[in-house]
Amino acid sequence: MEFHADLHIHSKYSRACSKDCDLEHLAWWAARKGIEVVGTGDFTHPAWREQLRTKLVPAEPGLFRLTPDIEAEVLRTLPPACRNPPRFMLSVEISTIYKRGERTRKVHHLLYAPAMEAAEAITADLARIGNLASDGRPILGLDSRDLLEITLASDPGSYLVPAHVWTPWFAVLGSKSGFDAVGDCYADLAENIFAVETGLSSDPEMNWTVSSLDAYTQVSNSDAHSPPMLAREATRFDTDLDYYAVRRALETGEGFRGTVEFFPEEGKYHLDGHRKCGVRLEPEATRDHGGNCPVCGKPLTVGVSHRVFELADRPLGHRPAGAAGFTSLVPLPEIVSEIVGVGPKSKRVRQEVGRLVGELGSELDILATVPADEVARVGGTLLGEAVTRLRAGTVVREAGYDGEYGRIHMFEPGELAAADSAPALFDAGDLAGPAPTTRPAATGR
């Protein structure tokens, strides 16, 4: 079966994460977005681990689902087209900070386990090194190579994926504290790494310029800190719904169908810059300024685009033989927000997205597969045009930098203001009904 997976998320026990990051909300939003398999995140945190033990039951090999009573209540509040109960995969992100080669290294990793016993074995080993109760994404003074060894020892099916590999501050290839090759980070155990996560600020096309990455399957995930952020990036599979089938697809490429990506310019570390001074620069301009902010003289944050360029040994546009494709999307609330001229979290946008999902299916389906004329029929001509442009990649890009997210627009400046139909994007009465349910009931909490 073909399905989408989002395997990098966080629970409410991670810092700077929504209190709604519980299993009920994650399941509800995964189903509405069109995600069939979602990571649990944070399985090393004691309170979250207890939630996983009490609210999840085994499903297909290596996967879990909500207990029947909780699942039924969550599904009851979803539109009929989205009542597909998602599966959960045990996952956690670990931040490692350590010295190697006379440099301080800061690298984030995604760990996956096929059974509660394997997750508990990893947790027991890591608990001897640092405090796991302070944060769902713990920070440990542990070499990346040794973290991989602990993961592999927990179960033959457990595996590790380097997280958001280009992020400047905390990534295996990051400009601030990373390495120049993935293999260098994991030393003698490097052959056990078979996939890397691209992160929000890069996409496969950028990564194809770096030949050393050909050895790894490139995955994408949302890194969601709140449930509505699920599926902003995801990975596509055509395998059995099965932990081991997913792992095998990542190892061999068989059944791996590519990724759903941000436009990389929307990522908050795409270009170089200094947010405090409002300075955003292309790599060439950074070199012209000696790597320093032209306003204050302090070092610039070197972004993902610059770092990829440094390590690239191929031209942009090269595609390795057999490489899976990708689709660049913008979350549906952002598109509706641009058209109606109010924020993506506003009541009007929430209502309209809920109506669209109720009539057309999941958000990923609306963005990628529902015929554009059908989108236009239900959502209005401008929404149909926006989806058409999105699928063609003819969007307006305003790149992010130094922690500031970029913006992707469907329409050129002034286009919407000039369109007489903009105020009447939605048919009369579309917004008159009650707001759709946006939160599952708290059954089982």
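The values are calculated or read from the model by the stated rules, or taken from the named source; none is laboratory data. Only a predicted model underlies this, so the values are computations on that prediction, with no experimental measurement involved. Cβ: placed from backbone, ideal geometry, glycine included. Neighbour counts: every protein chain shown. When the accessible area is computed, the model is the full protein with side chains, heavy atoms only, and any ligands, DNA or RNA have been set aside. Shrake-Rupley method; radii C 1.70, N 1.55, O 1.52, S 1.80 Å.
Open to solvent by less than 90 Å² (accessible area, probe 1.4 Å), within 23 Å of residue 409 (Cα to Cα) and of a type in the set (A, V, I, L, M): which single residue out of 308, 260 fits that description? Working first, answer last.
Values: 308 fails: within 23 Å of residue 409 (Cα to Cα).
Unique residue meeting the criteria: 260.
When 35, 94 are checked against the criterion of being buried (at least 17 other Cβ atoms within 10 Å of the Cβ), within 30 Å of residue 355 (Cβ to Cβ) and in contact with a helix residue (DSSP H, G or I) (Cβ under 8 Å, 6 or more places away or on another chain), 35 stands alone in meeting it. Filtering the range 232-252 for residues that are in a helix (DSSP H, G or I), among the β-branched types (Val, Ile, Thr) and either out of contact with any strand residue (DSSP E or B) (no Cβ under 6 Å at 6 or more places or on another chain) or open to solvent by less than 10 Å² (accessible area, probe 1.4 Å) (or both) leaves a non-empty set.
Quick test for you: out of 128, 145, pick the one residue that is in contact (Cβ under 8 Å) with a residue 24 or more places away in the chain, more than 23 Å from residue 202 (Cα to Cα) and open to solvent by 30 Å² or more (accessible area, probe 1.4 Å). Spell out the reasoning first.
Details: 128 fails: in contact (Cβ under 8 Å) with a residue 24 or more places away in the chain.
None of the other options fit; the residue is 145.
When restricted to residues that are under 27 Å from the mean Cα position of the chain (by Cα) and open to solvent by less than 50 Å² (accessible area, probe 1.4 Å), the range 402-417 contains 7. Of all residues in the range 313-358, which are among the hydrophobic types (A, V, I, L, M, F, W, C), open to solvent by less than 40 Å² (accessible area, probe 1.4 Å) and in contact (Cβ under 8 Å) with a residue 40 or more places away in the chain? Result: 323, 324, 329, 330, 335, 336, 339, 340, 357.
For the range 368-385, which positions are part of a helix (DSSP H, G or I) and open to solvent by 10 Å² or more (accessible area, probe 1.4 Å)?
We begin by selecting, within the range 368-385, every residue part of a helix (DSSP H, G or I); these are 368, 372-379, 381-385.
Result: 368, 372, 373, 374, 376, 377, 381, 382, 385.
Residue 290: open to solvent by less than 90 Å² (accessible area, probe 1.4 Å) and in contact (Cβ under 8 Å) with a residue 24 or more places away in the chain, yes or no? It is false that residue 290 is open to solvent by less than 90 Å² (accessible area, probe 1.4 Å) and in contact (Cβ under 8 Å) with a residue 24 or more places away in the chain.
Under the condition of being over 13 Å from residue 85 (Cα atoms), in contact (Cβ under 8 Å) with a residue 60 or more places away in the chain and charged (D, E, K, R), which residue from the range 38-69 is most open to solvent (accessible area, probe 1.4 Å)? Among those that are over 13 Å from residue 85 (Cα atoms), in contact (Cβ under 8 Å) with a residue 60 or more places away in the chain and charged (D, E, K, R), it is 53.
When the range 263-282 is filtered for residues that are assigned to a helix (DSSP H, G or I), in contact with a strand residue (DSSP E or B) (Cβ under 7 Å, 6 or more places away or on another chain) and crowded, with 24+ Cβ neighbours inside 10 Å, only 266 remains. Inspect the range 147-164 for any residue being touching an Asp or Glu at 6+ places or on another chain (Cβ under 7 Å) and either in a helix (DSSP H, G or I) or at positive phi (or both) and give the result as yes or no. Within the range 147-164, one or more residues are touching an Asp or Glu at 6+ places or on another chain (Cβ under 7 Å) and either in a helix (DSSP H, G or I) or at positive phi (or both).
Is it true that some residue in the range 126-143 is among the hydroxyl-bearing types (Ser, Thr, Tyr), out of contact with any Leu (no Cβ under 9 Å at 6 or more places or on another chain) and closer than 27 Å to residue 174 by Cα? Within the range 126-143, one or more residues are among the hydroxyl-bearing types (Ser, Thr, Tyr), out of contact with any Leu (no Cβ under 9 Å at 6 or more places or on another chain) and closer than 27 Å to residue 174 by Cα.
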